[in-house]
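The values are calculated or read from the model by the stated rules, or taken from the named source; none is laboratory data. Here the structure is a predicted model, which means the values were calculated and not measured. Cβ: placed from backbone, ideal geometry, glycine included. Neighbour counts: every protein chain shown.
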Amino acid sequence: MTERNRILLRAAAILTVAAALLCLYLGVLSLGMPMPRCAFLEVTGWQCPGCGSQRALAALLHGHPLEAWRYNLMLPPALAMILLLWLLPHGSRLKERLTSRAAIAVTLGVTLLWWILRNII
């Protein structure tokens, strides 16, 4: 992939995410439209690792990070990690460590632990 294509792809990704967040902020949150419900929660009665993410994202968009933590403890650090990985240059040592097999295994383990703990506490 050429450098120009990489820049265009990043710009398209930024515009897509910005448009989605704007739609969420203006359409759903300002107009009071209902948000979709979690299918896993509806079927099993258990919260999945992502349950509460919509409300947490809405709280972040309104500038309430503590409220976002209450809705879904994992969303703010997950968003920070995604942003960090996206901003780090390709081939940087930190990016390689954060995307190593060990780091991915730890992330999966923390996610599974979060899934279990939020349903038994």
Response to the item:
Among helices (runs of 4 or more DSSP H) completely within region 47-121, the ones holding 2 or more residues that are out of contact with any helix residue (DSSP H, G or I) (no Cβ under 8 Å at 6 or more places or on another chain) and β-branched (Val, Ile, Thr) are 101-120
Item to complete: Among the residues of region 14-46, write down those that are touching a helix residue (DSSP H, G or I) at 6+ places or on another chain (Cβ under 9 Å) and at pLDDT below 85.
Response: LEU21, LEU24, TYR25, VAL28, LEU29, MET33, PRO34, MET35, PRO36
Discussion item. Report every pair of residues separated by at least 6 positions or lying on different chains whose Cβ atoms are under 8 Å apart, first residue within region 64-76 and assigned by TED's automatic domain parsing to the domain that holds GLY50 and modelled with pLDDT under 90, second exposed (fewer than 14 other Cβ atoms within 10 Å of the Cβ) and part of a helix (DSSP H, G or I).
Written reply: PRO76/PRO65
Worksheet, complete the sentence: By residue number, the members of region 104-121 that are at pLDDT 90 or above and hydrophobic (A, V, I, L, M, F, W, C) are ILE104, ALA105, VAL106, LEU108, VAL110, LEU112, LEU113, TRP114, TRP115, ILE116, LEU117, ILE120
Worksheet, complete the sentence: In region 29-46, residues that are outside any helix (DSSP H, G or I) and of a type in the set (A, V, I, L, M, F, W, C) total 4
Practice prompt. For residues that are over 20 Å from CYS23 (Cα atoms) and either under 11 Å from the mean Cα position of the chain (by Cα) or basic (Lys, Arg) (or both), tally how many sit in region 52-72.
Written response: 2
Item to complete: Only one of these is exposed (fewer than 11 other Cβ atoms within 10 Å of the Cβ), over 18 Å from the mean Cα position of the chain (by Cα), modelled with pLDDT of 85 or more and more than 17 Å from ARG118 (Cβ to Cβ): ARG4, ARG101. Name it.
Response: ARG101
Discussion item. Cβ contacts < 9 Å: first residue surrounded by 12 or more Cβ atoms within 10 Å (Cβ to Cβ), restricted to region 77-92; second residue in a loop (DSSP other than H, G, I, E, B) and of a type in the set (Val, Ile, Thr), any location; separation 6+ or different chain. Result?
Written reply: LEU85/THR99
Worksheet item: So which residues in region 1-17 are hydroxyl-bearing (Ser, Thr, Tyr) and outside any helix (DSSP H, G or I)?
Response: THR2
